[in-house]
Amino acid sequence: MHFIKRGTGKPLLLIHGLGSSWRAWQPILDNLAAERSITAIDLPGHGSTPAGPDSGTFEGLVASVERFLVETDRVGIDAVGSSLGARIVLELARRGKVGNVVALDPGGFWRGWERSFFRITIGLSARLLRTLRSHLPAISRSAAARTILLAQLSAKPTTLSPELVCTELTSITDTPTFDALVEDLAGGPEQRGPAADPNHRILIGWGKHDRLCLPTQAARARAAFPSATLHWFKHSGHFPMWDMPHEATAAILETTQ
């Protein structure tokens with residue numbers, strides 16, 4: 001499992017979303033590292049971590065992270081996840097493998113037509129990005145193009161750095177397990193709860209303008225984890241650490257203090 005370490009202080013694990021890497025945390029990484037000892041991983045099949053036989057399934061990814069925690073003596077670490085990573089940290093909390101948890105716009109709480117909406121929209125986006133891959137560095141420099149390509153993910157795409165956008169979009173095209181994970185996530189069971197230890201804090205954060213994991217799903221997440229606090233990011237899309245980095249940093253630090 002490839003990971004980077006930054007900062008000193010109380011340990012904190014960061015887990016990115018589908019088709020991403022540790023670099024997704026760059027807008028808030030330095031501010032978190034000023035207060036915490038950060039470990040940011042690349043999930044199997046993402047970034048610099050090679051895929052394993054079971055890396056195209058949610059259960060396989062959870063098992064890989066769980067092994068990483070055991071092998072590196074990090075069981076009980078506070079954890080923050082985004083999207084797929086948020087669903088993973090909630091599952092690790094349910095299993096009693098992590099401490100305090102922040103889950104930003106977790107997947108896994110869709111029902112009915114929302115499953116097809118997730119599968120079709122994210123699948124079409126991935127196919128488009130693969131077609132455009134060689135042009136992504138130039139496209140990412142265009143504010144208009146960022147607005148179009150990130151319409152489902154960000155409420156403020158024009159404010160994002162071209163470097164971050166290019167890295168994230170390219171990472172989607174380079175993730176070999178992307179399509180398999182989309183099918184597994186869309187067809188799998190709804191995320192289960194509650195967390196094993198109610199004494200640990202859980203914050204579920206949701207962007208009011210999330211067009212991938214729709215805001216109506218937040219109530220289901222809160223019901224599955226009744227000890228959790230629900231925090232709305234009023235001016236954010238799917239990635240609060242991009243659209244509202246200062247508020248996301250404060251929420252993370254407060255929950256994991």
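The values are calculated or read from the model by the stated rules, or taken from the named source; none is laboratory data. Predicted model only: the values in this text are computed from it and were never measured. Cβ: placed from backbone, ideal geometry, glycine included. Neighbour counts: every protein chain shown.
Overview of results
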read-out	value
Test: residue in the stretch 123-142 that is under 19 Å from the mean Cα position of the chain (by Cα) and surrounded by 18 or more Cβ atoms within 10 Å (Cβ to Cβ)	yes
Residue satisfying condition, being touching a Ser or Thr at 6+ places or on another chain (Cβ under 6 Å), buried (at least 23 other Cβ atoms within 10 Å of the Cβ), touching a residue at least 12 places away in the same chain (Cβ under 8 Å) and not small (G, A, S), within set P44, P11	P44
Qualifying residues in the stretch 63-112 (those that are of a type in the set (S, T, Y) and outside any loop (DSSP other than H, G, I, E, B)) - the one surrounded by the most Cβ atoms within 10 Å (Cβ to Cβ)	S82
Residue among L124, L160 that alone is within 20 Å of M244 (Cβ to Cβ) and not polar (S, T, N, Q)	L160
Some residue of the stretch 242-252 being within 15 Å of G108 (Cβ to Cβ), in contact with a strand residue (DSSP E or B) (Cβ under 7 Å, 6 or more places away or on another chain), part of a helix (DSSP H, G or I) and without any contact (Cβ under 8 Å) to a residue 60 or more places away in the chain	no
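The rows are residues; the columns are (1) assigned to a helix (DSSP H, G or I); (2) farther than 20 Å from W25 by Cβ; (3) free of Cβ contacts under 8 Å to residues at least 12 places away in the same chain.
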residue: E114; (1), (2), (3): yes, yes, no
residue: R119; (1), (2), (3): yes, yes, no
residue: T147; (1), (2), (3): yes, yes, yes
residue: L153; (1), (2), (3): no, no, no
residue: T167; (1), (2), (3): yes, no, no
residue: P189; (1), (2), (3): no, yes, yes
residue: A195; (1), (2), (3): no, yes, no
residue: H209; (1), (2), (3): no, yes, no
residue: C213; (1), (2), (3): no, no, no
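This table checks each residue for (1) closer than 22 Å to D42 by Cα; (2) modelled with pLDDT of 95 or more; (3) surrounded by fewer than 18 Cβ atoms within 10 Å (Cβ to Cβ).
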| residue | (1), (2), (3) |
| --- | --- |
| L169 | yes, yes, no |
| L203 | no, yes, no |
| T229 | no, yes, yes |
| G237 | no, yes, no |
